[in-house]
């Protein structure tokens, strides 16, 4: 395993191939321990992981907390409705307070893009040793989801071994609301790092043409792209045509809570054009894995038939894989600080 150089994890834009490999290697080891019957190890005993979720979450919040507990860390949970935020305290002051209580890692989810950068900058200026782990910030990034998605695909295509290079030249179809999806942005950084070619499919209101130039806009704190050669991004408006080219499919949720204006004529019209169902999937004869970050809007983004009956629907695999991936991230951050 390579030396881990990141004190904070905000985005996958700054991840090198060695960074990805370190995460996957550790996740695989943690997963193997669980499969062997070892559900808890003392790797982070004596450390404190604090969960600061300012947005609702089921999978990510519980997955991080379970990951921390399996590493024997102490877990502290934040509840916005009963915190001093109701008295006017700022988000940054809240983070400083938890750092002062001794938090080794703050796992943060918030509706504002780049907020984790601001918090980390403030804590670093105070010489705090606390690490920040972004669990989703606005439209910007969701690094752990991007990592668990690519890990799930690698495991599917590698079968008995873990070979990220198996994604090279694979065509990954991402369907739906890319514009409002931090998951999609993290997937773009992660998948193309290993040479996968991405097809974005959806209406222009949800996938603007600007996504063709996604990698030309530097990420915050990104001096240069650590990946020498990435896969490509293309945009399609035809789901049927895109499915015929795909080796894997990632379906996205319509992020209605983040839409600032009415971008769809109706949910029904979107479903007619872009809902993934068995009939459309049959246009491709390959064994195509299907992913969805959840929560699912059945019958709008994907049919219940595919979710419940299609053997290569990997949604539950994603949830399960999220635990060892997040264990690996928590472990690596603590090793950086020692």
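None of the figures in this text is laboratory data; all of them are computed from the coordinates on show. Just so it is clear, the structure is predicted and the values come from calculations on it, not from any experiment. Don't worry about glycine lacking a Cβ; one is built from the backbone with ideal geometry, like all the others, and counts go over all protein chains shown.
Kirkwood hydrodynamic radius of segment 143-318 from all distinct Cα pairs, in Å?
On the way: mean 1/r = 0.0609 Å⁻¹.
With all distinct Cα pairs of segment 143-318 included, I get 16.4 Å.
With the convex hull of its Cα atoms as the shape, the chain has an orientation-averaged projected area of 17.1 nm². With 0.36 nm allotted per residue and the present C-alpha distance subtracted, the residue 125-residue 17 stretch has 35.9 nm of extension available. Rounded to the nearest 10 degrees, the angle from helix 143-158 to the longest Cα principal axis of the chain is 50 degrees.
Relative contact order for segment 143-318: 24 percent, from Cα pairs under 8 Å spaced at least 6 residues apart, divided by residue count. Put a dot 7 Å past the Cα of residue 6, heading toward its Cβ, do the same for residue 157, and the two dots end up 2.1 nm apart.
Only Cα pairs under 8 Å and 6+ residues apart enter the sum, and on that basis the relative contact order of the chain stands at 21 percent.
Computed from the Cβ-Cβ distance with R0 of 30 Å, the FRET efficiency linking residue 29 to residue 82 stands at 0.20. Per-residue ellipticity at 222 nm, computed for the chain from helices alone with -39500 (n - 2.57) per DSSP H run of at least four residues, works out to -11500 deg cm²/dmol. Working from Cα positions, state the angle (0 to 90°, nearest 10) between the long axis of helix 17-35 and the longest principal axis of the chain. Helix 17-35 sits at roughly 80 degrees to that axis. Here the Kirkwood formula puts the hydrodynamic radius of segment 67-151 at 13.9 Å, using every distinct Cα pair. Helix 59-70 and the long axis of the chain differ in direction by around 50°, with both axes built from C-alpha atoms.
FRET efficiency for the pair residue 285 and residue 241, taken as 1/(1 + (r/R0)^6) with r the Cβ-Cβ distance and R0 = 22 Å, rounds to 0.90.
Test of understanding: extend the Cα→C-beta vector of residue 38 to 7 Å, then name every residue of segment 1-23 with backbone N under 20 Å from that spot. Only 1-2, 22-23 pass the distance filter.
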